[in-house]
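Below is one structure, written out as structure tokens; comments come after it.
The values are calculated or read from the model by the stated rules, or taken from the named source; none is laboratory data. Quick caveat: nothing in here was measured; it's all calculated off a predicted structure. Cβ atoms come from the backbone with ideal geometry, glycine included; neighbour counts cover every protein chain shown. Heavy atoms of the whole protein, side chains included, go into the accessibility calculation; ligands, DNA and RNA do not. Shrake-Rupley method; radii C 1.70, N 1.55, O 1.52, S 1.80 Å.
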Protein chains: 2
Amino acid sequence: MRADAQRNYDRIVEVAREVFREQGYDASLDEVAKRAGVGPGTLYRHFPKRENLIDAIMQSWVDRVDEAADKALAHEGSPRDLLLAWFEQYVALISLHKGGPAKITSAMCDDSSPIATKCQALTRATSRVLERLEAEGALREGVDVVQMCRLVGGVATVADQADLGTDDVQPLLGVVADGVLR
Amino acid sequence: MRADAQRNYDRIVEVAREVFREQGYDASLDEVAKRAGVGPGTLYRHFPKRENLIDAIMQSWVDRVDEAADKALAHEGSPRDLLLAWFEQYVALISLHKGGPAKITSAMCDDSSPIATKCQALTRATSRVLERLEAEGALREGVDVVQMCRLVGGVATVADQADLGTDDVQPLLGVVADGVLR
DNA sequence: CAACCATACGGAGACCGTCTCCGGTTAGCA
DNA sequence: TGCTAACCGGAGACGGTCTCCGTATGGTTG
């Protein structure tokens, strides 16, 4: 990649992160281009689809997912506490930007999605939590990772779109936890 | 209302129902106007916001909600069966059009929304089911109607956006049911 | 039945976002 | 220094939302 191309690429990602933080994942891409000081053509050449840009923004995010799982697993407490701790981390991670929960949850299991690797990071981290619960015999039969991600993702999506606060979200996660644990 | 206005109003609603069925709630409103043989101005005068049009389309829908609740309540079986039967009805009702689950679920509890009365019909029907379960002592403490609607709505939203089939949705509803029942 | 006017129509067009095409520019190399 | 492949970026096509305003018409009144 040529030096100027790399420069533009980095600048676009940086600016997009800022714009998406302010306006959510539906923000205008032309606005991103403008703020980055490049033409729309340049932006679309580097990132043909919006998802490609989101993917680029999320590069460092994968590490945070793993760290969050570590943190939840380190926490001592009942299986329910562990699960709830992870659910909260999960929701927080996918709700970083408005529109995120819907984008990420609907891309789950779609390997052709540009953000597929990001979804895999989430399912992998959730698996780690689930394995611990499994080992403790705290899990109901027939519960699998993808289901859990969809359930929690669904809660996060509703919370995101209806602008719910933590107080409204917590009980919902509680129900999901109860439905999944013995 | 003048006769020609009424004629146009009815025609727009009729056409919109058709277009939304084909293309979901995000369909172009200009297209609706065109197919209805009216100008965009006419459409927007009758329905200033997309939700107003959706609301008009859903006029008869409220009856179906009540009927669906009747049907679920008539069904004999365990509390879990009853709840699952209602959940499935619920999902089906709000998933009639693509984009519906998200629209309806995020309008829940927002009295200023044009489709507020429709949401109320849903919560009312859900209440009836919940009261029955309550009377049977099958419900956990601290579960309220809105939470349930959000949970099921969340599942429906994910299913809608990720194009999930019934086979994928059913287990999710099962988890919610287990989380809500004793 | 004619005249009037409040009401409603509808299309031109402003505005915004997406995305492409292509003439011009430039980095990197020989 | 000069060449060329790679890259830039802006003009503009396209499609959607929504408004404004000149025009048409339904309904009423004398």
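Name the one entry in A:Val169, A:Val158, A:Val91, A:Val145 that is within 18 Å of the chain's Cα centre (by Cα), open to solvent by 30 Å² or more (accessible area, probe 1.4 Å) and within 14 Å of chain B (Cβ to nearest Cβ).
Numbers: A:Val169 fails: open to solvent by 30 Å² or more (accessible area, probe 1.4 Å); A:Val158 fails: open to solvent by 30 Å² or more (accessible area, probe 1.4 Å); A:Val91 fails: open to solvent by 30 Å² or more (accessible area, probe 1.4 Å).
After applying the criteria, what remains is A:Val145.
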### Message
I'd like to know if the range A:13-23 contains one or more residues that are within 16 Å of DNA strand C (Cβ to nearest atom), within 14 Å of another protein chain (Cβ to nearest Cβ) and surrounded by fewer than 19 Cβ atoms within 10 Å (Cβ to Cβ).
### Response
no
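Tell me, which residue of the range A:104-124 that is open to solvent by 50 Å² or more (accessible area, probe 1.4 Å) and under 14 Å from A:Asp55 (Cβ atoms) is farthest from the other protein chains (Cβ to nearest Cβ)? Even if it seems obvious, please write down each step before you answer.
Step one: list which residues in the range A:104-124 are open to solvent by 50 Å² or more (accessible area, probe 1.4 Å), which gives A:109-112, A:117, A:120, A:124.
Filter again for under 14 Å from A:Asp55 (Cβ atoms), leaving A:110-112, A:117, A:120.
Working: A:Asp110: 7, A:Asp111: 13, A:Ser112: 13, A:Thr117: 17, A:Gln120: 15 Å.
Filtering the range A:104-124 for residues that are open to solvent by 50 Å² or more (accessible area, probe 1.4 Å) and under 14 Å from A:Asp55 (Cβ atoms), the one farthest from the other protein chains (Cβ to nearest Cβ) comes out as A:Thr117.
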#### Entry: Matching entry among A:Pro114, A:Pro48 (being within 15 Å of DNA strand C (Cβ to nearest atom) and touching a helix residue (DSSP H, G or I) at 6+ places or on another chain (Cβ under 9 Å))
A:Pro114
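Could you check the range B:69-78 and list, in sequence order, the residues that are assigned to a helix (DSSP H, G or I) and either open to solvent by 10 Å² or more (accessible area, probe 1.4 Å) or of a type in the set (Val, Ile, Thr) (or both)? Lay out the reasoning, then the answer.
Here is the first cut: in the range B:69-78, the residues assigned to a helix (DSSP H, G or I) are B:69-74.
Hits for the range B:69-78 are B:Asp70, B:Lys71, B:Leu73, B:Ala74.
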#### Entry: Matching entry among B:Leu84, B:Leu164 (being touching a residue at least 60 places away in the same chain (Cβ under 8 Å) and within 14 Å of chain A (Cβ to nearest Cβ))
B:Leu84
## Note on the structure
Contact list, first residue from the range B:38-50 and more than 15 Å from B:Ala5 (Cβ to Cβ), second anywhere and open to solvent by 70 Å² or more (accessible area, probe 1.4 Å), beta-carbon distance below 8 Å, six or more apart or interchain, is B:Pro40/B:Asp30
### Summary
Reported set for the range A:79-113 where residues are in a loop (DSSP other than H, G, I, E, B) and at negative phi is A:Ser95, A:Leu96, A:His97, A:Lys98, A:Met108, A:Asp110, A:Asp111, A:Ser112, A:Ser113
### Task
Give the residues of the range A:51-65 that are among the acidic types (Asp, Glu) and either without any contact (Cβ under 8 Å) to a residue 40 or more places away in the chain or open to solvent by less than 10 Å² (accessible area, probe 1.4 Å) (or both), sorted by residue number.
A:Asp63
